[in-house]
Amino acid sequence: MKTSKGSTFQADMVFDTTGRVPNTHDINLASIGVETNRGGVIVNDHMQTTVAHIYASGDVVAKTIPRLTPTTTFESLYIADILLGHTTASIAYPAVPSVTFTLPRMAQIGVSTAEAADADEYNVYDINFAQLGMFASHHDTEAKVKIVLNQQKQLVGATLIGDVAPEIVNTLVPIINHKYTKADLNKTIYAFPTPSAMLPMLLMNFLA
Ligand SMILES: Cc1cc2nc3c(=O)[nH]c(=O)nc-3n(C[C@H](O)[C@H](O)[C@H](O)COP(=O)(O)OP(=O)(O)OC[C@H]3O[C@@H](n4cnc5c(N)ncnc54)[C@H](O)[C@@H]3O)c2cc1C
């Protein structure tokens, strides 16, 4: 493979991960005062565009939040709440899980291990899920989990690889969003033996 800078290298596979371009250029949003940039429609923390009574949600919005179906739904439900007068607060995204449906599967939620490496407030721990959760990883010998804890020993992020990663990342959603402690996990019973039960059991060794 040859790069634009002229280097060449051998690769077994090439992934095109160039993303998607917002389709905003030919609908003349500027004529009504709705501003856009390279990332899409500009919105404030209430999902209002630069014309206050016009809102935007989903992939078309210029944002750093992952462009996924559930984040689009979350934004649209938030806008509905604003319009119905149920809230006046800014949009507050919870931790967003995302999955790459490759073989093996990869999943990520919350603070990434890369972000954690750059910040003193986080610690990253490896969980050898294949070895510790043998039955749960279904003999997937490559299954691994990296977790990110803050100084209060709360789970703030995780990166998972393995066939069961998409399912078990969902079990981390409430643990991160509701700042579960070890005591909370002690009071929780999961169906056993299941892949999704195994990770919370292992997390008890790490949480405060
Ligand atoms: C290949 C692929 C795989 C994906 N896999 C996942 C996944 O596994 N999980 C996940 O959560 N997300 C996934 N996504 C992302 C997900 O599809 C989007 O985040 C989600 O659909 C965004 O919803 P939306 O309503 O903002 O946009 P869309 O679903 O794109 O809907 C926008 C609609 O507007 C229409 N439209 C565009 N321009 C105009 C116009 N000028 N006038 C009228 N109508 C117009 C379009 O035709 C389209 O119907 C995937 C995306 C792609 C491309």
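The values are calculated or read from the model by the stated rules, or taken from the named source; none is laboratory data. Keep in mind it's a predicted model, so treat the numbers as computed, not measured. Note that each Cβ is placed from the backbone with ideal geometry, even for glycine, and that neighbours are counted across all protein chains shown. Ligands, DNA and RNA are excluded from the accessible area calculation, which covers all protein heavy atoms including side chains. Shrake-Rupley method; radii C 1.70, N 1.55, O 1.52, S 1.80 Å.
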Exercise. With every protein chain left in place, what is the accessible area of residue 34 in Å² (1.4 Å probe, nearest 10)?
Worked result: 10 Å²
Exercise. Cα gyration tensor of the stretch 73-113, axes a ≥ b ≥ c as square roots of the eigenvalues: rounded (a/c below 1.5), prolate (a/b > b/c) or oblate?
Worked result: oblate
Problem set entry | Accessible surface ranking that places the most exposed of 88, 181 first, with a 1.4 angstrom probe | 88, 181
Seminar exercise, completed: Longest principal axis of the chain (C-alpha) makes with the long axis of helix 165-177 (C-alpha) an angle, in degrees to the nearest 10, of 80 degrees
For this session: Please state the charge dipole magnitude for the chain, taken about the Cα centre, from unit charges on C-beta atoms (+1 on K and R, -1 on D and E), reported in debye and rounded to the nearest 20.
Result: 160 debye
Problem set entry | DSSP loop chymotrypsin sites (Phe, Trp or Tyr not before Pro) with at most 13 other Cβ within 10 Å: longest gap in the chain | 16-100
Problem set entry | Where Cα atoms sit under 21 Å apart: lysine pairs in the chain separated by 8 or more or lying on different chains | 7
Seminar exercise, completed: Note on the stretch 67-203: alpha-carbon gyration tensor, axes a ≥ b ≥ c; rule is a/c under 1.5 for rounded, else prolate if a/b larger than b/c, else oblate; result prolate
Exercise. Within the stretch 121-208, which trypsin sites (Lys or Arg not before Pro) sit in a loop by DSSP and count at most 10 neighbouring Cβ atoms inside 10 Å?
Worked result: 187
For this session: Mind running the shape call on the stretch 13-93? Use the C-alpha gyration tensor, a ≥ b ≥ c as the square roots of the eigenvalues: rounded below 1.5 for a/c, prolate if a/b tops b/c, oblate otherwise.
Result: oblate
Exercise. When the accessible area of the stretch 13-93 is split by element with a 1.4 Å probe, what percent falls to carbon and sulfur?
Worked result: 58 percent
Seminar exercise, completed: For the stretch 98-203, the charge dipole (Cβ of Lys, Arg +1; Cβ of Asp, Glu -1; about the Cα centre) points to a positive end, and the Cα of 183, 119, 198 closest to that extreme belongs to 183
